């Protein structure tokens, strides 16, 4: 029967037993966001393309057309609409502004990749707070939310979207070649990155630096051995601004660059051993709110609630447990 | 600022104070649905047009296209997707099946009418239960949900989508003229209906009957004086199957015909003196689930949660209070 009446690939029906669990997770996370002072907002799932479309990282969004000839976009992201709300509905309000949202986002899918077209996300945006303190605050809220949901084994990969571009600039790589190399980095294609770096014709030490930095990943101690030309100051500052419990969750990752154009500084992703994919992520987007008319630095994240649900179930079944660490 | 970065007409941002109230209403209604045994489901907001598009009452829905050339529809209704879920995912489950859902629906708007493109609805579907008992059950759930939300002054208009068509057939009106007259009735255009009825050239008594029946509206006693050619049996049976508290909320309305093609019997709408528009409604759709491969009678309703929120606020401000009836 289902085969005769399918839903599009990357979408699915959620039936009552699962829905009850998803609601419990959502309620726990909403409570954590509220406790931290993040008020929930709802923005329309359909917006004018000329208002939000160009800012959502491009590609993969759904366009639709109304009877008046307007080009609309289906929401592909929680951050851009909230940046719009902050700049327009809170144009005179003293920052920082704290918002949360729970909504589905819609993205195009490539055949056979198992990608989701429709994803339920929970997110927060902190607008008008600089790094490192603002970044530390949202990392703290993120950990509180995951803790409230009951996730135990998660780690947060922390990178800096500006670090590698600054390194390339410091060794004189031009804009065009920088773009190609960053494209390889975003795709986590370190073979292509290495080929592109070697083609720059730089000295062996610099070439070695450019190919090795994206591989650096681990505790805060990895920052100590890094070449002076790599500016790890912002990462160290975030580490210094979070509590010990949050710091213990962090994995510093100098190769982490998220794939949305609007990130400007710290970027992060959520991992769990019971999940095959990141459960979400976020970062600083200090230039985005200004595009809607109010120039404020900002940082936020989103969590994929279905992925989180799967990870929670996996942890409960004891998949890839970390022995002794978390007596349950 | 907002003028520079608008959202489409009929959509809006919901800010935290209002969102908190909407969540409280939603939680109260979800609790009432759960208490009555209705499990929540989520269905995708985007579905294939060839699966659901032709069944949603037509017109006004949004179409979109994916990269594979498929024609998709944005959800315009909660009932059709749940009929699909019931027939395909519960193909072998013993009826009755009870589902609830909370989701936004999307419909095209006409300029200047103040219509909403995006509406948050709460609904239930009872699948595999005949009228009058099934109809009485969902009316009872509806009252429990509105009571749980705190609405006090509401009434439920109850009609029968089959009553007037059967009356027209009994006096020999042909299919084409029946369609035109029903179109006027759905539009609540009683002037046009009267013109069309007079043009039938029937005797004065019959003409008087056809023009007066759609005006009959009131307590159950209005059914007593109706001409024998009008079959009020199903309405009486529903009245006999509900509790006194639910019966007290009912207004019988022989002119009520909802505008979705799939209704087959009892239809109803929710009114409140503090609301300018119906807060939702529903009815029987005994032929819809069968179109997805499992022939089961069904009945359901949806409530417009934003309209309900406005009505609750209006009642609390004492707008159009019904003196003495409800000491608050």
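The values are calculated or read from the model by the stated rules, or taken from the named source; none is laboratory data. What you see is a predicted model; the values in this text were computed from it and never measured. For neighbour counting, all protein chains shown are included, and Cβ atoms are generated from backbone atoms with ideal geometry for every residue, glycine included.
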Checked B:235, B:279, B:312 against criteria (more than 14 Å from chain A (Cβ to nearest Cβ) and under 28 Å from residue B:210 (Cβ atoms)); the one match is B:235
Mind checking which residues of the range A:4-55 are more than 17 Å from residue A:87 (Cα to Cα), touching a helix residue (DSSP H, G or I) at 6+ places or on another chain (Cβ under 8 Å) and not in a helix (DSSP H, G or I)?
-> A:5, A:6, A:7, A:13, A:14, A:15, A:36
Determine if the range A:51-69 includes at least one residue that is over 16 Å from the mean Cα position of the chain (by Cα) and within 19 Å of residue A:307 (Cβ to Cβ).
-> yes
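Residues that are in contact with a helix residue (DSSP H, G or I) (Cβ under 8 Å, 6 or more places away or on another chain) and within 30 Å of residue B:120 (Cα to Cα): find the helices (runs of 4 or more DSSP H) completely inside the range A:81-191 holding 1 or more of those.
Values: elements: A:133-149, A:163-170, A:175-186.
Passing ranges, in order: A:133-149.
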Go through the range A:61-80 and count every residue that is in contact (Cβ under 8 Å) with a residue 24 or more places away in the chain, part of a loop (DSSP other than H, G, I, E, B) and within 17 Å of residue B:73 (Cα to Cα).
-> 4
Name the residues in the range A:67-104 that are facing chain B (nearest Cβ under 10 Å), over 17 Å from residue A:128 (Cβ atoms) and surrounded by fewer than 17 Cβ atoms within 10 Å (Cβ to Cβ), would you?
-> A:67, A:68, A:70
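When residues of the range B:13-33 are filtered for being facing chain A (nearest Cβ under 10 Å) and either in contact with a strand residue (DSSP E or B) (Cβ under 6 Å, 6 or more places away or on another chain) or free of Cβ contacts under 8 Å to residues at least 12 places away in the same chain (or both), how many remain?
Residues of the range B:13-33 facing chain A (nearest Cβ under 10 Å): B:13-20, B:22-23, B:27, B:30.
Subset that is either in contact with a strand residue (DSSP E or B) (Cβ under 6 Å, 6 or more places away or on another chain) or free of Cβ contacts under 8 Å to residues at least 12 places away in the same chain (or both): B:13-17, B:19-20, B:23, B:27.
Matching residues across the range B:13-33 total 9.
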Positions within the range B:110-121 being over 18 Å from residue B:53 (Cα atoms) and either touching a residue at least 40 places away in the same chain (Cβ under 8 Å) or more than 10 Å from every other protein chain (Cβ to nearest Cβ) (or both), in sequence order | B:111, B:112, B:113, B:114, B:115, B:116, B:119, B:120, B:121
Which condition breaks for residue A:107 when tested against (1) modelled with pLDDT under 95; (2) more than 9 Å from chain B (Cβ to nearest Cβ); (3) surrounded by fewer than 18 Cβ atoms within 10 Å (Cβ to Cβ)?
-> (3)
Got at least one residue in the range A:137-154 being crowded, with 20+ Cβ neighbours inside 10 Å, out of contact with any strand residue (DSSP E or B) (no Cβ under 7 Å at 6 or more places or on another chain), under 24 Å from residue A:261 (Cβ atoms) and touching a residue at least 24 places away in the same chain (Cβ under 8 Å)?
-> no
Within the range A:1-12, the residues that are more than 7 Å from chain B (Cβ to nearest Cβ) and crowded, with 20+ Cβ neighbours inside 10 Å are A:10
In the range A:192-203, the residues that are free of Cβ contacts under 8 Å to residues at least 24 places away in the same chain and either assigned to a helix (DSSP H, G or I) or closer than 16 Å to residue A:170 by Cβ (or both) = A:192, A:193, A:194, A:195, A:196, A:197, A:198, A:203
Index of the failed condition, residue A:263 passing every other in (1) within 24 Å of residue A:140 (Cα to Cα); (2) modelled with pLDDT under 95; (3) over 21 Å from the mean Cα position of the chain (by Cα) | (3)
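Here is a check on your reading of the model: is residue A:271 at pLDDT below 95, surrounded by 15 or more Cβ atoms within 10 Å (Cβ to Cβ) and closer than 27 Å to residue A:77 by Cα?
Details: at pLDDT below 95: no; surrounded by 15 or more Cβ atoms within 10 Å (Cβ to Cβ): yes; closer than 27 Å to residue A:77 by Cα: yes.
Against the criterion (at pLDDT below 95, surrounded by 15 or more Cβ atoms within 10 Å (Cβ to Cβ) and closer than 27 Å to residue A:77 by Cα), residue A:271 does not qualify.
Tell me, please, whether a residue that is over 26 Å from residue B:104 (Cβ atoms), modelled with pLDDT of 95 or more and in a loop (DSSP other than H, G, I, E, B) can be found in the range B:297-318. It would help to see each step written out before you state the result.
Our first condition is that a residue be over 26 Å from residue B:104 (Cβ atoms); within the range B:297-318, this holds for B:297, B:317-318.
Still in the list and also modelled with pLDDT of 95 or more: B:297.
Remaining after also requiring in a loop (DSSP other than H, G, I, E, B): B:297.
Yes - at least one qualifying residue is present in the range B:297-318.
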In the range A:204-224, how many are surrounded by 10 or more Cβ atoms within 10 Å (Cβ to Cβ) and assigned to a loop (DSSP other than H, G, I, E, B)?
-> 2
Do we have residue A:286 as surrounded by fewer than 24 Cβ atoms within 10 Å (Cβ to Cβ) and closer than 25 Å to residue A:179 by Cβ here?
-> yes
Those residues of the range B:40-55 which are within 19 Å of residue B:124 (Cβ to Cβ) and either more than 9 Å from chain A (Cβ to nearest Cβ) or surrounded by fewer than 17 Cβ atoms within 10 Å (Cβ to Cβ) (or both) amount to B:55
Count - residues of the range B:240-279 that are more than 23 Å from residue B:189 (Cβ to Cβ) and free of Cβ contacts under 8 Å to residues at least 40 places away in the same chain = 3
Hey, among B:243, B:194, which residue is closer than 18 Å to residue B:144 by Cα and surrounded by fewer than 20 Cβ atoms within 10 Å (Cβ to Cβ)?
-> B:243
